[in-house]
Each structure stands twice: as C-alpha cells, then as structure tokens.
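One structure below.
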C-alpha cells in the first residue's frame, strides 16, 4: 500500500488553501490526470464527490465522502470505485505571520493487483506532482508571494 506524507509552508492563508483544496469542481482545470470531477451532494460540513482519473489508456472513476472542517482540515473517505481503500487528509496550520503549513497524507490500495503494481512504481513522484499542482494553482489564484 503506497502512502505519502508531506509538509509544506506556503505564503497563503489556511482559508485560501482550504478553499482551493475543497474546490473539487475545479480540479480538471489544474490537477494532473483529473479528467472530470463533481460534487454530488452536500450535507452541512460533508460533501460527496465523484472524480475520474486517467492516464493514457487507463481511466478510473471513484466516489468519496469529504468532511470539510473549515479552515483547518479536509478528510477524504473512500466510498466506491477501483480501490480497496483510500485515506486522504489535508491539514492547514496557521503560522504566526498569517501564512500556513500544509500537512498532507494519502494512503490507498487498488483492488486490481496489476494496477496497484503499476501505480506503486511512480506513486511518490505522482503525488508530489499533484501537491505541486495545488501550490501552482494557489499562486495563479492568489498571486506570487513577495
């Protein structure tokens, strides 16, 4: 089971980064391999999202339940799709200067052993690229830090 944890300090507020990560509908505009996304239902601090992820000839759709504890945490729980499980947590810690530190964790396993072996080969690079895409999107939306 691949897992990845990462902490990054960014010159944006926790509210800005929370809104960016919670904006699932916009993922296809900037997130690598995200072909489509939509929020299917909202219930208070919880929303349900469907994503289609693809690379070359492989396309997989999955659904998740997201608990949005604004502005400090998003918990993503897997519901259905090609995985055995998915655990994804984003935490946004406010720094004394108003910027934030992002604490990101993801752990998942595909049901298909061949697909699991394929993703394991480049998992860490793919996750780093995706986290970097959020950072680049923040700069595009909120401006380049001084």
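Descriptive notes on the structure:
- Residue match in region 125-138 (condition: under 23 Å from residue 28 (Cα atoms), surrounded by fewer than 14 Cβ atoms within 10 Å (Cβ to Cβ) and over 13 Å from the mean Cα position of the chain (by Cα)): yes
- Region 124-146, subset closer than 20 Å to residue 56 by Cα and touching a strand residue (DSSP E or B) at 6+ places or on another chain (Cβ under 7 Å), residue modelled with the highest pLDDT: 127
- Qualifying residue in region 40-48 (condition: in a strand (DSSP E or B), touching a helix residue (DSSP H, G or I) at 6+ places or on another chain (Cβ under 6 Å) and closer than 17 Å to residue 67 by Cα): no
- Some residue of region 75-90 being assigned to a strand (DSSP E or B), over 30 Å from residue 120 (Cβ atoms) and at pLDDT 95 or above: no
- Complete set of residues in region 23-34 that are modelled with pLDDT of 95 or more, in contact with a strand residue (DSSP E or B) (Cβ under 7 Å, 6 or more places away or on another chain) and either buried (at least 18 other Cβ atoms within 10 Å of the Cβ) or outside any helix (DSSP H, G or I) (or both): 24, 27
- The test for being exposed (fewer than 15 other Cβ atoms within 10 Å of the Cβ) and either touching a residue at least 24 places away in the same chain (Cβ under 8 Å) or not in a loop (DSSP other than H, G, I, E, B) (or both) does not hold for residue 68.
The values are calculated or read from the model by the stated rules, or taken from the named source; none is laboratory data. Since the structure is predicted, the reported quantities are computational estimates derived from the model, not experimental observations. All Cβ positions, glycine included, derive from the backbone under ideal geometry; neighbour counts span all protein chains shown.
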